1. Just give me the residues in segment A:316-342 being part of a helix (DSSP H, G or I) and surrounded by 13 or more Cβ atoms within 10 Å (Cβ to Cβ), in sequence order.
2. Is it the case, given these coordinates, that B:Arg259 is in contact with a strand residue (DSSP E or B) (Cβ under 8 Å, 6 or more places away or on another chain) and on the phi > 0 side of the Ramachandran plot?
3. Evaluate the following for B:Arg120: is it free of Cβ contacts under 8 Å to residues at least 60 places away in the same chain, touching a Pro at 6+ places or on another chain (Cβ under 9 Å) and within 12 Å of chain A (Cβ to nearest Cβ)?
4. Hey, can you tell me all the residues within segment B:129-173 that are out of contact with any strand residue (DSSP E or B) (no Cβ under 7 Å at 6 or more places or on another chain), charged (D, E, K, R) and closer than 16 Å to B:Ala42 by Cα?
5. Looking only at segment A:39-63, which residues are within 23 Å of the chain's Cα centre (by Cα) and in a helix (DSSP H, G or I)?
6. Answer yes or no: is there a residue in segment A:364-387 that is surrounded by fewer than 22 Cβ atoms within 10 Å (Cβ to Cβ) and among the basic types (Lys, Arg).
7. So how many residues does segment B:190-221 have that are part of a helix (DSSP H, G or I) and of a type in the set (Gly, Ala, Ser)?
8. Can you tell me how many residues within segment B:139-177 are away from chain A (no Cβ under 14 Å) and over 15 Å from B:Gly9 (Cα atoms)?
Number of protein chains: 2
Amino acid sequence: MSLIVQKYGGTSVGDVDRIRNVAARVARCRAAGDDLVVVVSAMAGETNRLVALAHQMHSEADEREKDVLLSTGEQVTVALLAIALNAAGCPAVSFLGHQVRIATDSAFGKARIKSIDATRIGAALGDGRVVVVAGFQGVDGDDNITTLGRGGSDTSAVALAAALHADGCEIYTDVEGVFTSDPRICPNARKLDRISYEEMLELASLGAKVLQIRSVEFAKRYRVPLHVRSTFSEAEGTWVVEEEASMEDVLVSGVTYDRDEAKITLVRVPDQPGLAARVFGPIADANISVDMIIQNASAEGTTDLTFTVPKGDFRNALAIVQANARELGAAGVRTDTDVAKVSIVGLGMRSHAGVAAKMFRTLAEAGINIEMISTSEIKTSVVIAAKYVELAVRVLHDAFLGGRQPAEAS
Amino acid sequence: MSLIVQKYGGTSVGDVDRIRNVAARVARCRAAGDDLVVVVSAMAGETNRLVALAHQMHSEADEREKDVLLSTGEQVTVALLAIALNAAGCPAVSFLGHQVRIATDSAFGKARIKSIDATRIGAALGDGRVVVVAGFQGVDGDDNITTLGRGGSDTSAVALAAALHADGCEIYTDVEGVFTSDPRICPNARKLDRISYEEMLELASLGAKVLQIRSVEFAKRYRVPLHVRSTFSEAEGTWVVEEEASMEDVLVSGVTYDRDEAKITLVRVPDQPGLAARVFGPIADANISVDMIIQNASAEGTTDLTFTVPKGDFRNALAIVQANARELGAAGVRTDTDVAKVSIVGLGMRSHAGVAAKMFRTLAEAGINIEMISTSEIKTSVVIAAKYVELAVRVLHDAFLGGRQPAEAS
């Protein structure tokens, strides 16, 4: 008998009928003999509705109270799912973050889980019940309700799996698993059977929406095998697991993109020690995450300093940079919000030379100009004009991942 | 400086604008120097929406999970009100039932408050904040969420006022106070300035919807002065307070009615010891509250036993009685669902004879037949045909409470 944590996302519990379907699925797994802890998100659209309510009340609602508000979304779902399970003859009980002490820090809206008290869940499982836990929420040391940020239910599920020493964690979603690329723009994209935590981390942080980054970090740290699969079919999905030797044979596991990028360039800044700190310190203080940074020193002792930020932070970041530009001695500030990032990810890049070069050549052959480049051990990202995103993803996918054949490195 | 508990009902917080109005009102009171604890209900319609969701999921949703679901209604309101108050520059913090340990028994859906831990509220007040508390909800000894039943937020407010030794408890609603009768059917009805707990208890249990019965019991027990008043005006409402000598001068304080009555008669039952217990035992076991009971022994050793139940319980009660009727030797069972109860309430009835007689005479003069009579120390109720309700209320109001003059006993 295994202990499995299952997580169902907002689309999977989008209305009463879908919740009933989830209950049927859970009841079948339970009948097959597994102990089950089920983590659910808010019904699709509900979190947005609540955010809009808070925003209607005040454009800058205080974060503590917003978390009190948002956490009701998952509370509604756990109650409805527990009702559906009990109605289906499958004894179940719901728990909220504070009831199973999903202890977090006090960073409202983006709290991090510190610990989970497994006692109460263990007791309920011991009574033969399915335990339904509200995702996305926790409590801080003063019993204030916190939330974990968008996609936080994934992290709730993985953290519960780790705390309970579960045999696995199944992430149910509306797609069939992790794909080599976005099937909406890349018709040759195919489902991956297995992928390493490291690759999944890169894919998630590069724009793949299938898993919250932090949930993958958690899974990696506590070695929780993740199974990403569809709520609406019985097919196997994608296993996210520890690296295996054979994985290095695949040069590239995925091609991903992110349209949420805006570019800012400080033009011809006198190059001096501490320049980067003076530029990025105030931006970090404003809680803006800078993504890619490129600095090119010229012969004349000046440099062009270019970086990207999420589009939503662009105006704030620009205001900060402009306020600094004169003092830094820059000749000007250039911006471009019409850019996007395309990346390739793969463990094989560590041991095979020439992957990045092949990427650049492929893009050049398609007539796509590269504006910025950034590399890490297992990924290469480029910033290009936004209009070329679909084309870039398709040619890179064809070059590295081929057509419709099963996984095969080029 | 006083400590005041204010409670705002669902209509008062029915949408974002109304919540903003409540925030403005609270902020004014706070600026005037009072310490404030504000209890709120769910936004109007929200509890019904949630009940419907539970019902859609299953016709007999388990009570524990239903409470998890329903308690989100108040959680949304406290968050929004705290956001509105903070936005208005009035520092505020929201608390849920479990955060201030509104400890109840485990009777889900109709829990009773056992204690409240005032520590956290006291600390927040000490910090100069307005404390916003979710009404209607508590936690049992195992940290399960409980709800107090319809109108439970009144009880939350009074219990908080008692626990905090508040100087008063203001119940804000969409009417201007407690009226001598229902203004919708009795144009001469007028607002009462003061009324005793005892009278208010009778009025509430006889169908006046302005306060939950249990909240009045709580207020009486802990001597919390209640001020029932309108959210939408600054006018004084009705004070519900301890009995004062002058109150006895008023024979009748209110005329009330209840259409939610159905009548069942066991015809010509052999009169024997234990008959009532054998009839009403099984009905109580089915959790049906019997209201009025009348038994008239005839000369022939048989009796007609008549009682009333809420219309919603009529079919169940009838089935139980019919199952028993043969065994009890009854000649038959008669029913009437087309009845209503009209009552007069007043402390003066204790010391003045003839009040009931005047009531019967007044109804007779209006041609209204009385089907059942029930009396207590400070009220007299009659059951009449439903079609006469409005007429009965008006003639009784005219007879005891007169026209538009200020309160005056007839």
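1. A:Asn316, A:Ala317, A:Leu318, A:Ile320, A:Val321, A:Gln322, A:Asn324, A:Ala325, A:Leu328
2. no
3. Spelling it out, it is not the case that B:Arg120 is free of Cβ contacts under 8 Å to residues at least 60 places away in the same chain, touching a Pro at 6+ places or on another chain (Cβ under 9 Å) and within 12 Å of chain A (Cβ to nearest Cβ).
4. Within segment B:129-173, just B:Arg150 meets the criteria.
5. A:Glu46, A:Thr47, A:Asn48, A:Arg49, A:Leu50, A:Val51, A:Ala52, A:Glu63 - these are the residues of segment A:39-63 that are within 23 Å of the chain's Cα centre (by Cα) and in a helix (DSSP H, G or I).
6. Within segment A:364-387, one or more residues are surrounded by fewer than 22 Cβ atoms within 10 Å (Cβ to Cβ) and among the basic types (Lys, Arg).
7. 4
8. 10
The values are calculated or read from the model by the stated rules, or taken from the named source; none is laboratory data. It should be emphasised that the depicted structure is a prediction, and the values quoted were computed from it without experimental measurement. We place every Cβ from the backbone using ideal geometry, glycine too, and count neighbours over all the protein chains shown.
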